[in-house]
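Structure first, commentary second.
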Amino acid sequence: REFAYVSLDGENRIAVYSVNEETGELAPGPDVETLSPAGGLTSDPTNRFLFASLRRAGQLASFRINRDGGLTLINTVEAGADPAYVATDRTGRFLLTAYYVPAMVAVHRIGEDGSLSESPLQEISTNDKAHAIMTDASNRFAFVPHTGPNAIYQFRFNEQTGLLSPNDPLIVNTGENTGPRQLAFHPKRDLVFFDYEQGSAIASYGVDRVTGQLAFRERLSSIPNEFTATNSNARIEIHPTGDFVYVANRGHDSLAGYRVDAKTGKLTSLGQTPAEPTPRGFTIEPGGRFLYAAGQSSDRLAAFRIHQHTGALDRFATYEVGKQPWWVHVIQLR
């Protein structure tokens, strides 16, 4: 069974839906109230727990995922101002958080019951507008894109202690007017993709599996050449097969698609598919058949089928989900 969770910046709740695995259609489930609007969402690798950043309240919340997809609050901890992005490490024992305003990253321990430690294990100052954090497949390295200084920070990660340490070099400069925002690891190759918020582009980097260092490979635009209005990228997601990767355009209000060459990892643009206004968040369901994109300005969620051979997106439904949807997260329970 699959369930979708949508955080709402204009309401104190997370909207919950059951997903029809055959058609991709959504049915409303038991929503959960939150102390303040939720932002980033993530779950542990076994999908027992869901974690939410409560950005305005400066808190992190942990929920138990019930068999019917409903959420039961486990605990809420004080986390400091504006926790922008949350992700667990690959073991699911630690929650990593990137902070947009305080310019830092933090690590919390996750208990066996899914509870978050009241105090962080570690806080590290980085730079302006830290926007995401994620460990690689080996769980030995973590990367933190920053939209302020046009830089990606590289860390080593100890999965036994949950502690981060600076890699050498610590900083990868991405160039002026790029603004690396979020990232997506290729499931089969030593590749990671970043979307450039200010640069309206996708960039691929090789990941050295020994040193954990990034090496720039290529950059492609996410908008048509003839589009001259203001645009900024938001979310980036990769298909479970690794064959396709998508980037959200806010301004052009579209999803840019790319094919990933199976042998070389080289990107080829698939063009753009219209989405709801201001597609801040979107996700691909675990089976790789459907994509759900939230329209922050329209209060609606657009549902697309993914053509498995071409990567093309075919919109088949639109849902009213609530005020200012930010983040979409889909899990599969077995």
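The values are calculated or read from the model by the stated rules, or taken from the named source; none is laboratory data. Because the structure is predicted, anything quoted here is derived from the model rather than measured. Neighbour counts are summed over all protein chains in view; Cβ atoms, including those assigned to glycine, are modelled from backbone coordinates with ideal geometry. Note: accessible area is taken over every heavy atom of the protein model, side chains too, but ligands, DNA and RNA are not part of it. Shrake-Rupley method; radii C 1.70, N 1.55, O 1.52, S 1.80 Å.
Can you tell me which residue within segment 25-60, out of those that are without any contact (Cβ under 8 Å) to a residue 60 or more places away in the chain, in a strand (DSSP E or B) and of a type in the set (A, V, I, L, M, F, W, C), is most open to solvent (accessible area, probe 1.4 Å)?
The selected residue is Ala27.
Could you list, in sequence order, the residues of segment 142-160 that are among the hydroxyl-bearing types (Ser, Thr, Tyr) and either without any contact (Cβ under 8 Å) to a residue 24 or more places away in the chain or within 13 Å of Gln213 (Cα to Cα) (or both)?
Step one: list which residues in segment 142-160 are among the hydroxyl-bearing types (Ser, Thr, Tyr), which gives 147, 153.
Within segment 142-160, Tyr153 is the sole residue that qualifies.
Only one residue in Ile133, Ile202 is more than 14 Å from the chain's Cα centre (by Cα), touching a residue at least 40 places away in the same chain (Cβ under 8 Å) and closer than 23 Å to Gly40 by Cα, so which one is that? Break it down into steps so the answer makes sense when it comes.
Values: Ile133 fails: more than 14 Å from the chain's Cα centre (by Cα).
Just one listed residue meets the conditions, Ile202.
Okay, residues lined up against (1) over 14 Å from Arg250 (Cβ atoms); (2) in contact with a strand residue (DSSP E or B) (Cβ under 8 Å, 6 or more places away or on another chain); (3) in contact (Cβ under 8 Å) with a residue 12 or more places away in the chain; (4) of a type in the set (S, T, N, Q):
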residue: Glu285; (1), (2), (3), (4): yes, yes, yes, no
residue: Arg289; (1), (2), (3), (4): yes, yes, yes, no
residue: Tyr292; (1), (2), (3), (4): yes, yes, yes, no
residue: Ser298; (1), (2), (3), (4): no, no, yes, yes
residue: Gln308; (1), (2), (3), (4): yes, no, yes, yes
residue: Asp314; (1), (2), (3), (4): yes, yes, no, no
residue: Thr318; (1), (2), (3), (4): yes, yes, yes, yes
residue: Val328; (1), (2), (3), (4): yes, yes, yes, no
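Counting only residues that are polar (S, T, N, Q) and out of contact with any Leu (no Cβ under 6 Å at 6 or more places or on another chain), which one in segment 76-99 is surrounded by the fewest Cβ atoms within 10 Å (Cβ to Cβ)?
At the first step, the residues of segment 76-99 found to be polar (S, T, N, Q) are 76, 88, 91, 97.
Those left that are additionally out of contact with any Leu (no Cβ under 6 Å at 6 or more places or on another chain): 76, 91, 97.
Details: Thr76: 19, Thr91: 14, Thr97: 25.
That would be Thr91.
Restricting to segment 245-259, what's the tally of residues that are assigned to a strand (DSSP E or B) and either open to solvent by less than 10 Å² (accessible area, probe 1.4 Å) or of a type in the set (Asp, Glu) (or both)?
So the answer is 10.
Looking at (1) within 29 Å of Arg1 (Cα to Cα); (2) open to solvent by 30 Å² or more (accessible area, probe 1.4 Å); (3) part of a strand (DSSP E or B), which is the one condition that is false for Lys188?
Only one criterion is unmet by Lys188, namely (3).
How many of the residues in segment 273-284 are outside any strand (DSSP E or B) and within 17 Å of Leu183 (Cα to Cα)? Can you show your working first?
Applying the first criterion (outside any strand (DSSP E or B)) to segment 273-284 yields 275-281.
In the following step, the residues that additionally are within 17 Å of Leu183 (Cα to Cα) were identified as 279-281.
Residues flagged as outside any strand (DSSP E or B) and within 17 Å of Leu183 (Cα to Cα) within segment 273-284 amount to 3.
So, in segment 61-97, how many residues would count as being assigned to a strand (DSSP E or B) and in contact with a Lys or Arg (Cβ under 9 Å, 6 or more places away or on another chain)? Give the steps one after another, and end with the answer.
First, pick out the residues of segment 61-97 that are assigned to a strand (DSSP E or B): 61-65, 71-78, 83-88, 94-97.
Applying the additional criterion that residues be in contact with a Lys or Arg (Cβ under 9 Å, 6 or more places away or on another chain) yields 64-65, 71-74, 83-84, 94-95.
The number of residues fulfilling the criteria is 10.
Being β-branched (Val, Ile, Thr) and open to solvent by less than 20 Å² (accessible area, probe 1.4 Å) is the filter; apply it to segment 298-322 and report the residue that is farthest from Gly39 (Cα to Cα). Break it down stepwise before answering.
We begin by selecting, within segment 298-322, every residue β-branched (Val, Ile, Thr); these are 306, 310, 318, 321.
Filter again for open to solvent by less than 20 Å² (accessible area, probe 1.4 Å), leaving 306, 321.
Details: Ile306: 26, Val321: 15 Å.
Applying the filter and picking the extreme gives Ile306.
What strands (runs of 3 or more DSSP E), lying completely within segment 124-184, carry at least 1 residues that are open to solvent by less than 10 Å² (accessible area, probe 1.4 Å) and closer than 15 Å to Arg219 by Cβ? Before the answer, list the steps.
Values: elements: 141-146, 151-158, 163-173.
In segment 124-184, the matching strands (runs of 3 or more DSSP E) lie at 141-146, 151-158.
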